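Below is one structure, written out as structure tokens; comments come after it.
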Amino acid sequence: MTKNMCGIFGYVGKQGNAAEIVFDGLKLLEYRGYDSWGIAVKVKSSKLKVQSDVGKNRFIVEKHVGKIGDAVLNSQFLAINSNLGIGHTRWATHGGVTVANAHPHLDCTKTVAVIHNGIIENFSEIKKKLLKMGHKFRSETDTEVFAHLIEQYLTKEGFTSAVRDAFNQLRGLSAFLVAYSPSGELVAAKTGSPLVVGVGDNEFFVASDAIGILKHTKKVIFLEDDQMVILGKNIRLLELPWGKEINPKYNILEWKFEGAKKGKFEHFLLKEIYEQPRVIKNIALNYSSETKNLASLIEKAFGTFMLGCGTASYAALFGTYLFSKIAKKHINFSIGSEFNYLESYLTSKSLVIPISQSGETIDVVEPIEKAKERGAKIAAIVNVLGSTLYRQADYKILLGAGSEKAVVGTKSLIAMISVLLLTAYAYVGREDLGKKLLLKTAKNVEDILRDSFIAEIKKLAQELKNKEHIYVIGRGLSYAAALEATLKIKETSYIHAEGFAGGELKHGVIALIEKNTPCIVMASNDQTYDDIVSNAQEIKARGGLIVGIGPKDNEVFDRFIETQDLKEATIIPQIVISQLLAYYLALERGIVDPDKPRNLAKSVTVK
Ligand code: AGP
């Protein structure tokens, strides 16, 4: 069974270079999964040798193991004159990383081509039936079952209803793209995982993420769950399971395409780190109504819950400390994947605030669905317009950080923290103070991004590059900074790092401290300062190497990286410094592509 979390792209229309269009589209979606890739295009005529082997009105497939980003498409395949093509870049969970398991998958007649993101939970029972009927399978994947099931239905009905009826047989959260060469049509259908349709002039595009389509058109439809769209000469949108025709809802995207380019930067990770002053300023200057509305929702609610996964969960954690400190307001915190087991006390008076860059993380999407069933109000803070969480929410704040291409989140987190900070100040009617603090913070981050400051961080990276373990401690508001610094070091440089609340040190972890064990100390100039310094002294007493990050130096620090004293916002420069340290550690350790860490993908759409 292949549970996958991948990039899907498809094209049908007036242009004859479908292979090239799909190849370029997939490259823009590579951050969604990058262990293997494949493209299928319809062969219209059989002039070229490669085409004659396949025959007219069939699909020809090119599949490879490895990153599409480094790949060059076979020139013969590129030269095929075709106006219909689909492609896929994979992140495997089940079924090895092999050419056979790479998508697209074809039926026995090679006239049906399928790509997939998600799970077909009942694939084995369907496969057994199809094998008995004589279908021949070429892969171990669950996805290929759908191609043969459509083929089976095509023996007694037309393409559209064959896809509809086959789709209705499947169980599990999935997004599919199916191409059919005899009719030259493309069908997309889903019950989970994102799909966006791009509407051009006599041509259509389908992708897992709008970023893949921006180059071609800004007019898009965000496919909802249990919808199916048929694309060919025109567009038809159907509601599943019965196929009732409905009117498409068009969106015009404001995003600029160049957002998907590295510009002068070697990696998207560094580019996105350098975009953070702009992101902070944008929120400080333009988000007062959004944050005021969110503050009033929190005020009216009887119980507010903030949740997220990974980096986004640290924004939620920070939010609970922030509201307690600034607004004297209790906010509950939960990791997304655990909220399923904590939500029995949600009522129609509850407010749930899911925080997510992609808006597609299944471990957040699913509990939000359940929270809605309990009548809770949903106020989502996300970075992707039209994402599932964006559409699920009653109230939505778009972070405006622009597309984030590096798998590791940076500017999206800083945007999340800036929104929460402004909301907490709005809650006490002092958004003017929040705005001033954020503008001062943006200035401090600009200073940190100056070459002289970067040189200091590079020096520290050289010193720590061969360390096996790095520990990070923080207290209060800076506890979330310690956890985020740890995650960045782990997922970017592959050094084992552990972050924890300074007070937890003596309850076990201090046993791991040996001579020169590095420990980064997030030391903010607030009520936690003295306690976190004494924690640093306890580590130093056991030979630890202490790296202090904050506004106030101290003799216990062997290395000190200074930030401005930005009160509650001090966490922002602390995190930016950690992002840069993680990036330069990765370069020092020879990691070729810090934008695509091994085993990771940008949005986690399977559980
Ligand atoms: C970020 O650096 C991580 N790769 C990951 O933890 C991420 O934060 C998490 O998967 C949540 O993603 P989201 O913000 O898109 O929901």
By average C-beta atoms within 10 angstrom, highest first, the peptides 451-460, 537-546: 537-546, 451-460
Over 13 Å [Cα-Cα, the range 463-535], rounded percent: 63
Carbon + sulfur, % of accessible area of the chain - ligands and nucleic acids excluded, 1.4 Å: 51
Estimated vicinal HN-Hα couplings, Hz - the range 287-298 in sequence order (Karplus 6.51, -1.76, 1.60; Gly, Pro = x): 10, 5, 6, 4, 6, 5, 5, 5, 4, 6, 5, 5
Tail fraction, Cα-Cα pairs, the range 107-175, threshold 13 Å, whole percent: 60
On Cα atoms only, tilt of 362-373 relative to the major axis of the chain in degrees: 90
The range 267-408, relative contact order [Cα under 8 Å, separation at least 6], %: 23
Degrees, to the nearest 10: 143-154 long Cα axis against longest axis of the chain: 30
The range 263-352: C-alpha gyration tensor shape, a/c 1.5 cut-off, then a/b vs b/c: oblate
Directionally averaged projected area (convex hull, Cα atoms, the range 268-409), nm²: 8.0
Part-to-part distance (alpha-carbon centres) for the range 191-218 and the range 311-338, which is given in Å: 35
Residues of the chain: accessible area per residue with a 1.4 Å probe, Å²: 37
Rg over Rh, two decimals, the chain (C-alpha only, Kirkwood Rh): 1.01
Note, ³J(HN,Hα) from phi for the range 236-253, Karplus 6.51, -1.76, 1.60, rounded to Hz, x at Gly and Pro: 10, 10, 10, 9, 8, x, 7, x, 5, 6, 9, 7, x, 9, 8, 10, 10, 7
Relative contact order [Cα under 8 Å, 6+ residues apart], the range 124-168, whole percent: 31
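As a test of understanding, state the convex hull volume per residue of the range 125-277 from its alpha carbons, in Å³. Walk me through the numbers on the way to the answer.
Working: hull volume 24.5 nm³, N = 153.
It is 160 Å³ per residue.
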Contact order relative to length of the chain, as percent, for alpha carbon pairs under 8 angstrom and 6 or more apart: 12
DSSP beta bridge pairing in the chain, given as percent antiparallel to the nearest 5: 65
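Highest first, please rank the peptides 365-375, 512-522, 477-487 by the mean number of other Cβ atoms sitting within 10 Å of their residues.
Numbers: 365-375: 17.3, 512-522: 19.9, 477-487: 26.9.
Put in order of decreasing packing, that is 477-487, 512-522, 365-375.
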Extreme residue, positive dipole direction of the chain, given options ILE115, ALA393, VAL61 (C-beta unit charges): VAL61
Alpha carbon convex hull of the range 375-511, volume per residue in cubic angstrom: 174
Amide H partners (placed H, <5 Å) of LYS329, local residues excluded: SER324
With Cα atoms, 0 to 90° folded angle of helix 451-464 axis to the chain main axis: 90
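The values are calculated or read from the model by the stated rules, or taken from the named source; none is laboratory data. The shown structure was predicted, so the numbers you read here are calculated from the model rather than taken from an experiment. Cβ sites come from the backbone with ideal geometry, for glycine too, and all protein chains shown count toward neighbours. Surface accessibility is based on the protein's heavy atoms, side chains included, excluding ligands, DNA and RNA. Shrake-Rupley method; radii C 1.70, N 1.55, O 1.52, S 1.80 Å.
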